[in-house]
1. Please list, by residue number, every one of the trypsin sites (Lys or Arg not before Pro) in the range 1-61 that is coil in DSSP and has at most 13 other beta-carbon atoms within 10 Å.
2. Gaussian network model of the chain, Cα springs within a sub-10 Å range: biggest mean-square fluctuation belongs to which of GLY40, GLY20, GLY107?
3. Computed from these coordinates, which is Rg/Rh (Cα atoms, Kirkwood Rh): [x] 1.16; [y] 1.01; [z] 0.95?
4. Say a paramagnetic label sat at a point 7 Å from the Cα of PHE125, along Cα to Cβ; which residues of the range 62-83 have their backbone N under 13 Å from it?
5. Once you have the Cα-Cα distance between ASP113 and LEU82, take 0.36 nm times their residue separation minus that, and quote the gain in nm to one decimal.
6. Below 8 Å between Cα atoms, with a sequence gap of 6+, how large is the relative contact order for the range 39-139 in percent?
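Just so you know, all these numbers are worked out from the coordinates, no wet-lab data involved. Everything numeric in this text was worked out from a predicted model, so none of it was measured. Cβ atoms come from the backbone with ideal geometry, glycine included; neighbour counts cover every protein chain shown.
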Amino acid sequence: MSSPPLTTREYAYFSISGPGRHDAITDKLGREPSEAWSEGDPRPRGGTYQLMRWRLDSGLPDTEPLEKHIESLLLILPAHTLTLRELALDYDLFIQCVGYYAPSGHGAHLNRDVVRRAAQLGLAFDLDFYYVDDYGHDG
């Protein structure tokens with residue numbers, strides 16, 4: 001019996017990375033992160049983190065299209081425009097896009113409006129796409 005076809009999984013989250021402690025970002029934004037760690041914190045698999053990371057998830061399941069995750073973030077983040085522009089002077093701010101796809105290929109399109117809105121907030125995009133041929137991948 002053959003396995004069912006692989007299901008596309010994709011998601012996006014907002015991330016701030018750089019030196020220092022993540023609680024400084026939380027204080028400036030007045031918002032709790034979905035996940036965070038500070039520079040020098042121990043890593044689960046050994047060693048320590050070299051940079052701080054502050055992450056805000058889109059709030060959508062990974063079965064929703066990538067575009068919906070990005071749109072969700074771009075509805076939340078403008079409430080923090082001035083703070084994000086200030087943070088962009090000292091930190092890397094980006095929307096991290098992740099996708100797991102069958103090995104037949106995949107592409108992404110960021111329309112002009114999405115690029116404009118992200119640029120107004122000082123955000124970059126980081127796209128990580130993985131092609132998997134079974135359900136045993138880590139995701």
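1. Details: sites: ARG9, ARG21, LYS28, ARG31, ARG45, ARG53, ARG55; in loops: ARG21, ARG31, ARG45.
Counting only loop positions with at most 13 other Cβ atoms within 10 Å, the trypsin sites (Lys or Arg not before Pro) in the range 1-61 are ARG45.
2. Highest fluctuation among the options: GLY107.
3. [y]
4. Of the residues in the range 62-83, 66-71, 74 have backbone N under 13 Å from the label point off PHE125.
5. Numbers: separation 31, 0.36 × 31 = 11.16 nm, distance 1.96 nm.
Computed gain between ASP113 and LEU82 is 9.2 nm.
6. Values: 86 pairs, mean separation 25.3, N = 101.
25 percent.
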